[in-house]
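This report concerns only the one structure given below.
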Amino acid sequence: MRTRSREGTATIVITGELDLCAAPALGRLLLDVLAQGPERLVLDLAGVTFIDCAAARELVAASRALPGARHAVIRRMSRPASRLLRLTGMLSYFRIVGSAPGYRPPRPRCGLQSRAVRLGRHPRVPSPVRHP
């Protein structure tokens, strides 16, 4: 993990696996960076190969700790980071401005399949047969 501060913006480049063992170190790093009082926090998650909920909670806590109800910015994001933050609903705590190779944005939740599921008819499951 590398950090850089310039003109009120702290940038943290995070690489590797962010698992339960790495989460405390990540939390300490984020606290140290936030103690310097940056106005803006930029996270580069392009090199993250694995992330679990413990590490994601540390990132969200840092984003929520920014002054003035600002959100941390994720400049680039790997597929594993994107997937976990999207599935857990934690993506809403960040502002996304770029992506890494292999990143797929979330699919929209509208369309025929979603409408069929809302109506109780899944497209892959046949409708029940009605006998007269």
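Laboratory data are not the source of any read-out in this text; all were calculated from the coordinates shown. Bear in mind the structure is a predicted one, so any value in this text is a computation, not a measurement. Because the Cβ atoms are built from the backbone with ideal geometry, glycine has one as well, and the counts that use them run over all protein chains shown.
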Which length gain, in nm to one decimal place, applies between Glu39 and Arg4 when the Cα-Cα distance is subtracted from 0.36 nm times their residue separation? 11.3 nm
Return the percentage of antiparallel bridges among DSSP beta bridges fully within segment 2-106, rounded to the nearest 5 %. 25 percent
At 7 Å along the Cα-to-beta-carbon direction for both Arg64 and Met90, put a label point, then send me their distance in nm to one decimal. 1.2 nm
I want to verify the translational diffusion coefficient of segment 2-106 in µm²/s; compute it with Stokes-Einstein, Rh as the Kirkwood radius over Cα pairs, at 10 °C and 1.306 mPa s. 118 µm²/s
Between beta-carbons, use under 15 Å as the cut-off and find the net charge around Glu17, counting Lys and Arg +1, Asp and Glu -1. -1
Around Asp44, under 11 Å between beta carbons, what's the net of Lys plus Arg minus Asp minus Glu among the other residues? +4
Contact order relative to length of segment 1-99, as percent, for alpha carbon pairs under 8 angstrom and 6 or more apart: 27 percent
Approximate spin-label separation Asp32-Thr49, in nm, with each point projected 7 Å along Cα-to-Cβ: 2.3 nm
Just to confirm a number: summing +1 for Lys and Arg and -1 for Asp and Glu over residues other than Ile74 whose beta-carbon lies under 11 angstrom from that of Ile74, what do you get? +2
Pick out, in residue order, every one of the GluC sites (Glu not before Pro) in segment 1-104 that is DSSP loop and has at most 14 other C-beta atoms within 10 Å; say none if there are none. Glu7, Glu39
